[in-house]
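For reference, the structure is listed below as structure tokens.
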Amino acid sequence: MMRLAATSLCVDLGRRRALDAVDLILGPGRLTVIVGPNGAGKTTLLRALAGLIAPAAGHVTLDGAPVVRMRASERARTIAYLPQGGSVAWPLPVTNVVALGRLPHGEQPDSLSAAGREAVADAIAAADLKGFEDRPATELSGGERARVLLARALATKAPVLLVDEPVAALDPRHELTVLQVLRAHAKAGANVVAVMHNLTLAARFADAIVLLDQGRVQAHAAPAEVFTEAQLAASFGIRAHVSHAEGGLVVVAESALPEPR
Amino acid sequence: MSRTPSPLNLGLAALLAMLAIASLAIGPAPISPLMAAKALVSDQGSASIVVREIRLPRTLLALMVGWIFGLTGASLQGLLRNPLADTAVFGAPQAAALGAVIVLYFGVVGALSWVLPIAAIIGALLSIALVVTVAGRNATVVVLVLAGLAVGSLAGAGTALAISLSPNPFAVTEIVFWLLGSFEDRSSTHVVLALPFIVVASLMILSASSGLRALALGEETARSLGVNMPLLRLLIVGGAAVGTGASVAVAGSIGFVGLVAPHLVRPFVGYDPARTLLPAGLIGAILLLAADCAVRLIPSSVEVKIGVLTALLGVPFFLWVIARRKAELAETPA
């Protein structure tokens with residue numbers, strides 16, 4: 001099933017309460033996009049969902065089992081996590097970086113199984129990285145590297161995929177291809193959760209939006225319900241133009257309101 | 001780790017074997033390499049005594065110490081994701097020497113006691129802990145290196161002070177040994193003293209190899225891939241301290257082998273931090289054994305200390321790495 005749920009989830013970062021009584025149920029087969037202003041707690045929520053930080057109160061469960069108590073190897077096979085703005089420490093070839101996504105399956109980059117090799121090839125194709133296989137990952141542009149790291153997360157073939165700002169460094173074409181990949185992954189049954197700042201893309205691709213502000217969930221619904229001019233003004237302090245076009249909802253941020261919030 | 005040894009590792013092992021034979025042949029008594037090999041395995045009279053009792057312990061120690069330094073350097077560089085990491089850069093050998101000197105010259109134990117490596121290991125652990133505490137957990141490598149420099153200088157001064165204050169009037173002549181290292185006049189007892197610790201340190205570090213691979217993508221990603229970061233840190237930092245302590249207890253402080261060795265092999269293993277470990281250990285052994293042969297060949301009234309040679313070669317290399325990677329080093333958190 002792979003239903004991810006947060007129940008009365010509170011997380012403290014230092015003395016600050018980063019997440020406050022978050023209740024969420026994220027079902028499989030959907031692309032959920034978490035949006036919110038800077039400092040809203042989006043990354044903290046994603047890390048908590050990934051089982052990488054222990055909650056101060058409440059819990060995150062996957063099909064009823066607390067994620068922080070899952071065995072590390074099992075959690076790694078089940079939940080793939082892509083942190084924001086990652087880097088690669090050594091000039092490893094792209095294929096080997098992507099192959100690191102197979103480590104949770106006990107496969108090393110120099111001894112992949114047939115399934116592992118296929119997963120790596122699929123991930124490279126999905127991230128539009130054909131022809132980059134042997135290039136050192138440290139010599140790529142920011143956007144190319146971001147796609148390599150996304151491919152690494154895809155290569156795990158985990159039923160839950162949590163990605164933090166996957167399109168932040170990408171050109172418009174690759175923004176679209178990456179979101180298409182994430183949506184296709186969700187359509188294939190995975191539970192995909194992405195943190196994003198681009199409201200236009202979020203509105204267009206997400207099945208559901210979680211609007212986070214000051215550590216609390218302000219809204220969790222379909223894009224058309226969350227992205228109203230009033231809600232965007234209240235949470236982001238922007239005047240936005242929202243309209244319905246053929247391809248779906250169109251959200252355009254027009255101007256910053258004089259007194260945010 | 002691949003199951004069959006790679007051509008690189010086989011080649012390095014062969015080179016190491018040749019150097020070991022050369023090391024058995026080099027010394028005041030002229031013995032040819034062939035004779036040295038023969039004297040090692042069969043009784044050749046006085047040649048056998050020289051080879052087995054004087055040159056073999058020295059050769060084995062240089063090999064073991066070089067191996068663990070290479071391994072330690074490669075694992076620390078992988079752990080901190082930084083090509084400038086090494087125990088020597090963090091002041092650990094000097095601190096290990098201080099630990100050994102304190103128990104030795106205040107008459108707590110003799111030079112061949114098990115307490116000696118343990119005191120040195122404690123010194124190395126304290127210095128690494130001190131460097132990490134002062135620099136903070138998310139320090140850049142520049143801060144780490146500066147803190148290490150300070151700790152190393154302090155420990156070096158402490159070593160000299162402890163020896164000067166020692167009740168033993170002959171101790172002062174040994175300051176040079178503890179600060180610059182040497183394999184001169186080592187016996188098989190020294191080998192036995194260091195070997196178990198070096199085996200343990202090697203096993204700790206080698207067991208961390210797969211985690212190092214994941215760590216190429218940063219701590220957060222490594223954790224999400226199922227790597228137990230506290231355990232990985234414990235294995236590598238603990239292995240580094242145990243290996244450095246045991247080495248310093250029998251050979252004094254020798255620096256920079258661990259810094260240089262990984263750089264020499266990385267291009268040949270596709271920069272894979274896990275596959276770097278084994279050949280870096282072999283290269284470390286080769287470098288130190290070659291240096292130890294060189295100090296015996298340099299014509300001088302007193303044998304040149306091996307730490308002098310490794311620093312003469314290592315420091316320019318260190319500067320070269322800094323110069324080449326200035327921009328990224330300024331920002332990389334360790």
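Figures for the structure shown
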quantity	calculated
Within the range B:203-236, tally of residues that are surrounded by 23 or more Cβ atoms within 10 Å (Cβ to Cβ), facing chain A (nearest Cβ under 7 Å) and in contact (Cβ under 8 Å) with a residue 40 or more places away in the chain	2
Output for the range B:73-87, where each listed residue is more than 20 Å from B:ARG324 (Cα to Cα) and part of a loop (DSSP other than H, G, I, E, B)	B:THR87
Breaking point among (1) touching a helix residue (DSSP H, G or I) at 6+ places or on another chain (Cβ under 8 Å); (2) surrounded by fewer than 18 Cβ atoms within 10 Å (Cβ to Cβ); (3) within 14 Å of chain A (Cβ to nearest Cβ), for B:ALA294	(3)
B:PHE197 being more than 14 Å from chain A (Cβ to nearest Cβ), touching a Gly at 6+ places or on another chain (Cβ under 6 Å) and aromatic (Phe, Trp, Tyr)	no
Residue in the range A:108-125 that is buried (at least 17 other Cβ atoms within 10 Å of the Cβ), over 27 Å from B:PRO5 (Cβ atoms) and at the interface with chain B (Cβ under 10 Å from one of its Cβ atoms) present	no
Single unsatisfied condition, A:LEU100 versus (1) farther than 17 Å from A:LEU129 by Cα; (2) at pLDDT 95 or above; (3) of a type in the set (A, V, I, L, M, F, W, C)	(1)
Residues located in the range B:245-264, provided they are surrounded by fewer than 24 Cβ atoms within 10 Å (Cβ to Cβ) and within 13 Å of another protein chain (Cβ to nearest Cβ)	B:HIS263
Residue count, the range A:27-66 (criterion: farther than 19 Å from A:GLN84 by Cβ and under 16 Å from the mean Cα position of the chain (by Cα))	4
Members of the range B:88-118 found to be outside any helix (DSSP H, G or I) and surrounded by fewer than 24 Cβ atoms within 10 Å (Cβ to Cβ), listed by number	B:PHE106, B:GLY107, B:VAL108, B:VAL109, B:GLY110, B:ALA111, B:LEU112, B:SER113, B:TRP114
Residues satisfying the stated conditions in the range B:230-250, i.e. of a type outside the set (Gly, Ala, Ser) and over 10 Å from the mean Cα position of the chain (by Cα)	B:PRO230, B:LEU231, B:LEU232, B:ARG233, B:LEU234, B:LEU235, B:ILE236, B:VAL237, B:VAL242, B:VAL250
Residues that are modelled with pLDDT of 90 or more and loosely packed, with under 15 Cβ neighbours inside 10 Å, drawn from the range B:169-198	B:SER188, B:THR189, B:VAL192, B:PRO196
Near pairs, Cβ below 8 angstrom, 6+ apart or cross-chain, from the range B:94-110 (more than 12 Å from B:THR244 (Cβ to Cβ)) to any residue that is in a loop (DSSP other than H, G, I, E, B) and among the polar types (S, T, N, Q)	B:TYR105/B:SER166; B:TYR105/B:ASN168; B:PHE106/B:SER166; B:GLY107/B:ASN168
Filter result for the condition that a residue is basic (Lys, Arg), at pLDDT 95 or above and more than 20 Å from the chain's Cα centre (by Cα), over A:ARG69, A:ARG16, A:ARG117, A:ARG77	A:ARG117
Residues of the range A:1-28 that turn out to be touching a residue at least 40 places away in the same chain (Cβ under 8 Å) and either in contact with a helix residue (DSSP H, G or I) (Cβ under 6 Å, 6 or more places away or on another chain) or of a type outside the set (Gly, Ala, Ser) (or both), as a count	18
Some residue of the range B:274-286 being within 20 Å of B:ALA22 (Cβ to Cβ) and either at pLDDT below 95 or aromatic (Phe, Trp, Tyr) (or both)	no
Evaluation of A:ASP207 against (1) surrounded by 16 or more Cβ atoms within 10 Å (Cβ to Cβ); (2) of a type in the set (D, E, K, R); (3) farther than 25 Å from A:ALA158 by Cα (one fails), failing number	(3)
Helices (runs of 4 or more DSSP H) fully within the range B:251-334 counting 1 or more residues that are in contact with a Gly (Cβ under 8 Å, 6 or more places away or on another chain) and either without any contact (Cβ under 8 Å) to a residue 40 or more places away in the chain or closer than 25 Å to B:LEU112 by Cβ (or both)	B:257-265, B:273-297, B:306-324
Single residue of the range A:51-93 satisfying the filter (of a type in the set (D, E, K, R) and touching a residue at least 60 places away in the same chain (Cβ under 8 Å)) that is farthest from the other protein chains (Cβ to nearest Cβ)	A:ASP63
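The values are calculated or read from the model by the stated rules, or taken from the named source; none is laboratory data. Please read all numbers here as calculations on a predicted model, not as lab measurements. As a convention, Cβ positions derive from the backbone with ideal geometry for all residues, glycine included, and neighbour counts pool all protein chains shown.
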